[in-house]
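What follows is one structure encoded as structure tokens, with my remarks underneath.
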Amino acid sequence: MTALLQTPLHVWHAAHGARLVDFAGWHMPVQYKSIVEEHNATRTAAGVFDVSHMGRIRFDGPGAAGFLDRLLTRKVVGMGPGKIRYSLVCNEAGGILDDVLVYHLQEHGGGLYHLLVVNASNRDKILGWLAAQKGPADEVTFTDRTVETSMIAIQGPSALRIMEPLVGADVGGLAYYTGRETTICRHAGIVSRTGYTGEDGCEIIVPATAAAEIWERIFTSGKDHGVAAVGLGARDTLRLEAAMPLYGHELSEQINPFQAGLAFAVNLDGRDFVGKGAIAPKKDDPTQPLRVGLTLSGKRAAREHYTVHSGGEKIGEITSGTFSPTLQQPIAMAYVPPTNANVGTELSVDIRGTAEPARIVPLPFYKRK
Amino acid sequence: MKPEQLRYAETHEWVAVTDEGGRKVGTVGITAFAIEQLTDLVHMVLPKVGKAVEQGKEFGEVESVKAVSSLYSPVNGEVIAVNSDLPNRLETLGSDPYGEGWMIKVALAGDGGASKLMDHAAYQKQCAAEG
């Protein structure tokens with residue numbers, strides 16, 4: 001067995017009582033004290049997340065935009081500096097290899113480059129895919145920056161107020177899904193108005209050597225705002241309430257973007273990209289199973305792999321499920337045939353041998369006011 | 001109930017064996033260590049009176065935000081009482097796991113297998129190794 005990777009904040013997590021688990025080869029905090037308390041802190045004040053395990057890959061060279069444009073389901077050519085887009089990487093068969101954020105950034109000195117933030121579980125796969133797709137004519141170099149940098153998410157209604165004194169750039173003035181190079185506690189870094197919780201907030205990318213200092217400064221700045229460190233357990237319940245898909249659960253190489261409800265992340269117009277030929281006919285395929293949201297009236301949660309039934313017949317499977325701390329009821333996502341996918345449809349979930357009533361509801365489960 | 005007087009299963013259930021009118025009764029619950037490990041409890045399913053339980057076999061379940069866990073009977077016998085209000089006040093498990101947090105009372109067959117369980121010192125050693 002290979003040793004687990006540690007983020008630059010690992011020492012802090014261990015010293016603060018975090019329960020550390022293997023997550024995609026990283027030794028990561030799943031919770032410090034309570035998932036529910038960490039979840040609620042993010043919804044009502046601010047949560048701080050170590051997301052340094054996410055892969056960060058930098059692209060330089062005149063061919064960078066064109067290269068990424070060919071591999072991503074959304075346009076990269078023509079993205080202005082500062083713009084960030086959620087996109088998918090697909091294989092030739094149209095299956096999803098990863099869901100990513102692509103950033104177009106401007107260096108302090110004026111140079112332009114792109115950054116791809118990928119799932120930790122897919123970093124090696126994507127690095128291999130990039131190498132395989134790069135042809136001799138592609139004027140692009142890419143560098144894995146994951147280990148040299150650290151990534152921290154600050155999310156919640158107080159997040160921007162906490163970060164404003166620490167960030168050189170005007171964080172509150174950044175539009176949603178934009179980012180820029182700036183200084184963070186006087187260290188060079190990147191700030192972006194992005195996140196994975198359904199709350200307002202930002203994410204920062206800083207040198208690994210400065211991560212521990214900056215992490216501490218965030219807690220000092222946030223101590224009167226109810227700031228809390230949040231582990232992967234609450235990160236999962238937060239993203240689930242916001243109905244954000246998670247690779248390996250709602251997304252896989254067997255799923256295409258349209259059935260996952262990610263049509264907004266696919267641009268088929270006047271461009272070509274790897275997988276387009278396979279994906280395009282799926283856009284209006286009336287037969288494929290669709291991602292839906294379910295709520296259950298009881299207290300038992302529908303968990304991943306539990307089966308979904310209609311009139312006794314198995315029609316699908318849960319991809320993620322939990323007891324929602326905000327809604328105080330079980331919520332889940334599943335893939336079901338389109339004839340069973342309408343909001344209001346009554347189904348059941350087999351919870352360890354008992355058919356528990358479930359109903360299809362609109363996604364997301366939670367939307368901030 | 002004092003933790004020192006209880007017997008423990010490897011799966012973190014405790015049992016207190018008492019003599020009630022000539023028959024042996026085991027009162028069963030889960031340990032403070034288990035409750036701390038579970039955290040964020042949302043639900044619990046307990047059996048009905050009359051159910052036969054078997055040492056090491058599931059008698060109920062406890063669910064947290066993160067996962068669902070089986071409750072395993074530390075003894076053999078028949079359920080004669082259930083703390084049926086406990087699922088409505090799960091916080092009791094945290095505040096008084098060895099008293100008000102009891103789950104079921106079991107009429108034991110013989111000693112119910114209680115002699116095979118760990119004493120407090122052995123259980124503490126196990127928790128130290130797991131924690």
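The values are calculated or read from the model by the stated rules, or taken from the named source; none is laboratory data. Only a predicted model underlies this, so the values are computations on that prediction, with no experimental measurement involved. Here the Cβ is made from the backbone with ideal geometry for all residues, glycine too, and neighbour counts use every protein chain on show. Heads up: the accessible areas ignore ligands, DNA and RNA and are worked out on the full protein's heavy atoms, side chains in. Shrake-Rupley method; radii C 1.70, N 1.55, O 1.52, S 1.80 Å.
List of remarks:
- Apportionment of accessible area to carbon and sulfur, the protein assembly as shown, percent (1.4 Å): 52 percent
- Taking each of A:Lys33/A:Lys125; A:Lys314/B:Lys105; A:Lys282/A:Lys314 in turn, the alpha-carbon distance tops 27 angstrom for A:Lys33/A:Lys125; A:Lys314/B:Lys105.
- Most fluctuating residue given options A:Gly80, A:Gly321, A:Gly353, as computed from a GNM of chain A linking Cα atoms under 10 Å: A:Gly353
- Dipole magnitude for the range A:56-144: about 220 debye, using +1 per Lys or Arg Cβ and -1 per Asp or Glu Cβ, origin at the Cα centre.
- Ratio of Rg to Rh for the protein assembly as shown: 1.03 [Cα atoms; Kirkwood radius as inverse mean 1/r over pairs].
- Above-threshold pairs, the threshold being 25 Å between Cα atoms, out of A:Lys299/B:Lys48; B:Lys2/B:Lys24; B:Lys24/B:Lys57; A:Lys83/B:Lys66: A:Lys83/B:Lys66
- Inter-chain Cβ neighbour average for residues B:58-65, partner chain, 10 Å: 4
- Heavy-atom accessible area buried between chains A and B is around 1200 Å² (1.4 Å probe, both sides summed).
- Estimated from the Cβ-Cβ distance and a Förster radius of 25 angstrom, the FRET efficiency linking B:Glu54 and A:His16 is about 0.05.
- Cross-link partners for A:Lys276 among the lysines, with Cα-Cα distance under 16 Å and sequence neighbours closer than 8 places in the same chain left out: A:Lys75.
- Rounded accessible area per residue of the range A:191-301, 1.4 Å, Å²: 37 Å²
- 3J(HN,Hα) from dihedral phi, the range B:60-74, Karplus parametrisation 6.51/-1.76/1.60, rounded to Hz, x for glycine, proline: x, 9, 10, 10, 10, 4, 7, 7, 10, 10, 7, 9, 10, 5, x
- Theoretical ellipticity at 222 nm over chain A - DSSP helices of four or more residues, -39500 (n - 2.57) apiece, nearest 500: -5000 deg cm²/dmol
- Remark on A:Ala358: its backbone amide H falls under 5 Å from those of A:Leu347, A:Ser348, A:Val349, a criterion applied only to residues 5 or more positions apart or on other chains, H modelled at 1.01 Å from N.
- Hull-based mean projected area of the range A:231-281, where the convex hull spans the alpha carbons, in square nanometres: 4.4 nm²
- Rounded to the nearest 20, the Cβ-based charge dipole of the protein assembly as shown about its Cα centre (Lys and Arg +1, Asp and Glu -1) stands at 680 debye.
- Distance cut-off 24 Å, percentage of C-alpha pairs in the range A:195-302 lying past it: 49 percent
- Calculated P(r) of chain B - Cα pairs past 18 Å, %: 49 percent
- Remark: the range A:56-144 carries 39 Å² of accessible area per residue (probe radius 1.4 Å; ligands, DNA and RNA excluded).
- Rg/Rh ratio calculated on Cα atoms of the range A:56-144 (Kirkwood radius): 0.93
- The range B:65-131 - Kirkwood radius from inverse mean 1/r over Cα pairs (Å): 14.1 Å
- Area of B:Ser115 that stays accessible when all protein chains are in place (1.4 Å probe, Å², to 10): 80 Å²
- Mean sequence separation of contacting Cα pairs (under 8 Å, at least six apart), scaled by the length of the range A:133-287, corresponds to a relative contact order of 18 percent.
- Listed residues A:Leu166, A:Leu327 arranged by accessible area, highest first, probe 1.4 Å: A:Leu327, A:Leu166
- Rounded to whole numbers, the Karplus 3J(HN,Hα) couplings from phi for the range A:347-354 are 10, 9, 10, 7, 9, 6, x, 10 Hz, using 6.51 cos²θ - 1.76 cosθ + 1.60 with θ = phi - 60°, and x at Gly and Pro.
- Here the range B:3-84 is assigned +1 on the Cβ of each Lys and Arg and -1 on the Cβ of each Asp and Glu. Its dipole about the Cα centre then comes out at about 240 debye.
- Beta bridge orientation in the protein assembly as shown: antiparallel %, DSSP, nearest 5: 95 percent
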